[in-house]
1. At a Cα cut-off below 16 Å, give the lysines reachable from Lys119, other chains included and same-chain residues fewer than 8 away excluded.
2. Going Cα to Cα from Lys163, which lysines come in below 28 Å? Please leave out same-chain ones fewer than 8 positions away.
3. Beta carbons within 10 angstrom, averaged per residue: use that to sort the peptides 157-165, 235-243, 98-106, highest first.
4. Could you please report the charge total around Phe278, scoring K, R as +1 and D, E as -1 over all other residues with beta-carbon less than 12 angstrom from its beta-carbon?
5. I need the shape label for region 111-259. Rule: rounded when a/c is under 1.5, else prolate if a/b > b/c, else oblate, with a, b, c from the alpha carbon gyration tensor.
6. Give the lysines whose C-alpha is closer than 20 Å to that of Lys342, dropping any in the same chain fewer than 8 places away, or say none.
7. Which listed residue (Tyr334, Ile315, Pro301) has the Cα farthest towards the positive end of the charge dipole for region 297-343, taking +1 on Lys and Arg C-beta and -1 on Asp and Glu C-beta about the Cα centre?
8. Can you sort Asp194, Asp109, Asp211 by 1.4 Å-probe accessible area, starting with the largest?
Amino acid sequence: MVFSWPKPRRAPLCGLAPRCLWLLGMVLLVDVSARPANHSSARERATNREQNEILPPDHLNGVKLEMDGHLNKDFHQEVFLGKDVDGFEEDAEPRRSRRKLMVIFSKVDVDTDRRISAKEMQRWIMEKTAEHFQEAVKENRVHFRAVDPDGDGRVSWDEYKVKFLASKGHDEREVADAIRNNAELKEVLENLKDRWYQADNPPADLLLTEDEFLSFLHPEHSRGMLKFMVKEIVRDLDQDGDKQLSLPEFVSLPVGTVENQQGQDVDDSWVRDRRKEFEELIDSNHDGIVTPEELENYMDPMNEFNALNEAKQMIAIADENQNHHLEPEEVLKYSEFFTGSKLMDYARSVHEEF
């Protein structure tokens, strides 16, 4: 299949989702939270999952960057908790949550020495990432049936387009008029169509099978689609057109007036987090430039080398005694990093729960 990239270059990412998804929100009147895009929580995203079931999601569990180029703020929780990522609610009974966390600790601690090594954490991260993959496959099976009502195992772009617009409240009989009379909606569909064509494996027939539809919704499952996702992100962030990212481009602040100190703190946090990620993890040869290949390696959820780096980073966050291992007291003390919830009385409770 010969694929032509859209010629118009998108505006750089400035704290907003890429233009197509931003326009989608405007056109379809999606209710968006006012909080910064890269601070949305896994629980909020899960709430909206069903209403966007046939739209490629902005968030992919266990992947370092969102589809719009923001850092995945819940990444460490997702790769530590796996499918139990929503099991630690803020209002959950603390004793029960501590017990659950110590059960997870015991599973990670394969050699039962009451310490988690980097190798043990690496193995666990790969296992939990695989869980997210399996969950995506399961959900995709349901979503594919929604766009393949005749059950022939193949869906055309036109079939998907009608189902997608109908799922957002547009009458199927008025789809053509809606597209013809709305330039923004037309651009949204053109971007989705580009992605549809990329998911269509050779020999190209413009019909997606269930596996190809999985790549359409979840590019992390396909090397070709992962490359496509990286190219999209680079295009949104790249300001000088050299098809790679410098540190200033990667840490560019979101557009918006900073009205108070709290707003300035958010901006400072944005820059600090992205600078650290760029310098320590993405720019693998430390030359100050991130190439598409480096970004692809960084985003590949099944990259074992990355998993080991993440394991070391996660241990370093809570390793107060600097022995390069995690112990029960440390995991409980830094529970918010691992689970998203603060579990108090960690030191006194560790002997009760473990």
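The values are calculated or read from the model by the stated rules, or taken from the named source; none is laboratory data. Note that this is a predicted model, so its numbers are computed, not measured. Here the Cβ positions follow ideal geometry from the backbone for every residue, glycine too, while neighbour counts run over all protein chains shown. Calculation scope for accessible area: heavy atoms of the full protein, side chains included, ligands and nucleic acids excluded. Shrake-Rupley method; radii C 1.70, N 1.55, O 1.52, S 1.80 Å.
1. Of all the lysines, those that pass the test against Lys119 - Cα under 16 Å, at least 8 places apart if same chain - are Lys107, Lys128, Lys312.
2. Lys7, Lys138, Lys186, Lys193, Lys227, Lys231
3. Working: 157-165: 16.9, 235-243: 15.3, 98-106: 18.7.
Final packing ranking: 98-106, 157-165, 235-243.
4. Working: positive: Lys64, Arg272, Arg274, Arg275, Lys276; negative: Glu249, Asp273, Glu277, Glu279, Glu280, Asp283, Asp287, Glu294.
Residues near Phe278 contribute -3 overall.
5. On the way: a/c = 2.12, a/b = 1.27, b/c = 1.67.
Since a/c reaches 1.5 but b/c is at least a/b, the shape of region 111-259 is classed as oblate.
6. Excluding near neighbours in sequence, the set is Lys73, Lys83, Lys100, Lys333.
7. Towards the positive end, the residue furthest out is Tyr334.
8. Asp211, Asp194, Asp109
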